[in-house]
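Here is the structure we will look at.
The values are calculated or read from the model by the stated rules, or taken from the named source; none is laboratory data. Fair warning: this is a prediction, and the values are worked out from it, not measured in the lab. FYI the Cβ positions are ideal-geometry reconstructions off the backbone, even for glycines, and counts take in every protein chain you see. Heavy atoms of the whole protein, side chains included, go into the accessibility calculation; ligands, DNA and RNA do not. Shrake-Rupley method; radii C 1.70, N 1.55, O 1.52, S 1.80 Å.
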Amino acid sequence: MLKNVKIGDVLDAQVTGIQNYGVFVKFVLPEETKERQGLIHISEVKSGFIKNIKEIVQEGKTVKAQVVDIDEYDDKISFSLRTLEEKPEHHQNTRKSYFTDPRKEIGFEPFKQLLPQWMEENKKYLKTLEK
């Protein structure tokens with residue numbers, strides 16, 4: 001059981017492996033001597049877009065990492081470097097796309113106007129099927 005650590009704690013962790021999806025680290029919990037393994041998911045390595053994770057962290061280096069998740073069932077801990085950034089990158093809000101232009105307050109009016117025509121076309125089509 002992981003009793004000596006809680007979400008939000010900052011620990012020293014040594015990078016042991018780097019994959020495209022994240023960074024594996026080893027660390028020692030307070031009041032323990034046993035080394036444990038953890039993961040820093042790529043989304044928690046740095047704010048903003050990451051083209052090459054190996055440009056940000058290097059294997060063998062020790063980093064300060066914050067605990068962001070504890071899986072008590074498997075005794076696994078997830079860390080974040082992003083939460084400890086002094087100047088995180090702020091993302092531009094993307095414009096929400098709409099089916100129609102929200103500035104044109106047309107709603108269902110075009111459908112209402114075309115519905116009688118569509119109904120007549122459908123009636124003619126159904127009559128051709130009856131023959």
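Within the option set Gly8, Gly17, being assigned to a loop (DSSP other than H, G, I, E, B) and either touching a residue at least 60 places away in the same chain (Cβ under 8 Å) or within 22 Å of the chain's Cα centre (by Cα) (or both) holds for one residue only, Gly8.
For the structure I just gave you, tell me whether Tyr125 is modelled with pLDDT of 90 or more and exposed (fewer than 10 other Cβ atoms within 10 Å of the Cβ). Write out each step before concluding.
On the way: modelled with pLDDT of 90 or more: yes; exposed (fewer than 10 other Cβ atoms within 10 Å of the Cβ): yes.
When the stated conditions are applied, Tyr125 passes them.
Taking the stretch 31-83 as the range and being open to solvent by less than 60 Å² (accessible area, probe 1.4 Å) and on the phi > 0 side of the Ramachandran plot as the test, the residues that pass are Gly48, Gly60, Asp75. Looking across the stretch 18-30, just one residue is exposed (fewer than 14 other Cβ atoms within 10 Å of the Cβ) and at pLDDT below 85, and that is Pro30. Remark: pairs (first residue in the stretch 54-80, under 15 Å from Glu35 (Cα atoms); second residue of a type in the set (S, T, N, Q) and not in a loop (DSSP other than H, G, I, E, B); Cβ separation under 6 Å; 6+ apart in sequence or on different chains) = Thr62/Gln14.
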